[in-house]
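The values are calculated or read from the model by the stated rules, or taken from the named source; none is laboratory data. Keep in mind the model is a prediction, meaning the values are calculated, not measured. Neighbour counts run over all protein chains shown; Cβ positions are idealised from the backbone, glycine included. Calculation scope for accessible area: heavy atoms of the full protein, side chains included, ligands and nucleic acids excluded. Shrake-Rupley method; radii C 1.70, N 1.55, O 1.52, S 1.80 Å.
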Amino acid sequence: MMELDCREISRYLGYRGALLSPEVAAYADTCTSELERTVVPRIIGRRLSLAHLIGESRDLAHHLRHCREGFLYAVTLGAETDRLLRRWSAQSMAKAAVGQAVCAVWLDQLCADHCRELQKGLGEGEYLTPPFSPGYGDWDLSCQGQVLALLEAPKRIGLTITAAGMLVPEKSITAVVGISHREEELCGQKCMRCQKKDCPFRAGEVISKD
């Protein structure tokens, strides 16, 4: 069974560090098990010049200011997950809420694993920045169409968008990570580079034990 961080599930549920109750933990285990049996995540990406994206957002340009190239990628849990979410909603709103959090944590974990693999393939002195997605800062969701076109995502993994710029299947993420020659660009938590301080899903800072 896949291992998901209960602290992250708690964060997405708005518990802010509180432990999951036995009932919520049971829902989380059930949803995780059902996802694992049903869903086959899909990931695509490409290395590209950031000239394709710079100019769309001041926040994105600032985030990638030391980079000329990067990786654009998309991760989706697929239409099967959307069907599971509808089933969970019919069974219990509480289960559906926990399922939403479990899906979010799994997506985050898949993205983090993907970025670790990308980092392994970089040359000496090359470092990945934290990911940045449409909808962060002033990078408007309307840019999702451009991102999907650059990835050929509709054809390759069936990932499309609505007129409002929302991804379909729902449990999907697109993001860009820059390739920098500055080691200090590395950051274990994307939240620490985000300027939206009042975000209810903001992760706490990691305090070094050294």
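Ignoring ligands, DNA and RNA, please state the percent of accessible area on the stretch 113-177 from carbon and sulfur, probe 1.4 Å. The computed percentage sits at 55. Count Lys and Arg as plus one, Asp and Glu as minus one, and take only other residues whose Cβ is under 15 Å from that of Glu80; the net charge is then +2. Within the set of other residues whose C-beta is less than 11 Å from the C-beta of Ile43, count the net charge using Lys and Arg as +1 and Asp and Glu as -1. With Lys, Arg at +1 and Asp, Glu at -1, the net is 0.
Mind giving me the FRET efficiency for Ser92 and Arg16? R0 is 30 Å, r the Cβ-Cβ distance, nearest 0.05 is fine. My answer for the efficiency is 0.85. Using only the Cα atoms of the stretch 1-90, build the gyration tensor, take square roots of its eigenvalues as a ≥ b ≥ c, and label the shape rounded, prolate or oblate: rounded if a/c is under 1.5, else prolate if a/b is larger than b/c, else oblate. Since a/c reaches 1.5 and a/b is larger than b/c, the shape of the stretch 1-90 is classed as prolate. With each label modelled as a point 7 angstrom along the Cα→C-beta vector, the Ala112-Ser49 pair spans 3.5 nm. Dividing the summed helix terms, -39500 (n - 2.57) for each DSSP H run of n ≥ 4, by the number of residues in the chain produces a 222 nm estimate of -12500 deg cm²/dmol to the nearest 500. At a probe radius of 1.4 angstrom, the accessible area of the chain per residue rounds to 55 square angstrom.
Rounded to the nearest 10 degrees, what's the angle between the helix 79-91 long axis and the longest principal axis of the chain, both from Cα atoms, 0 to 90? Tilt of helix 79-91: around 30 degrees.
Considering only C-alpha atoms, what is the centroid distance from the stretch 1-56 to the stretch 104-166, in Å? A separation of 15 Å, based on Cα centres. The listed peptides 125-136, 100-111, ordered by packing as a protection proxy, come out as 100-111, 125-136 (highest mean of other Cβ atoms within 10 Å first).
Taking Lys and Arg as +1 and Asp and Glu as -1, the other residues whose beta-carbon sits under 15 Å from that of Glu69 total +3.
Note on Ala164 and Met2: the extension gain reaches 55.0 nm, defined as 0.36 nm multiplied by sequence separation minus the Cα-Cα distance.
When +1 charges are put on Lys and Arg Cβ atoms and -1 charges on Asp and Glu Cβ atoms, the dipole computed for the chain relative to its Cα centre reaches about 340 debye.
With each label modelled as a point 7 angstrom along the Cα→C-beta vector, the Thr30-Leu150 pair spans 4.2 nm.
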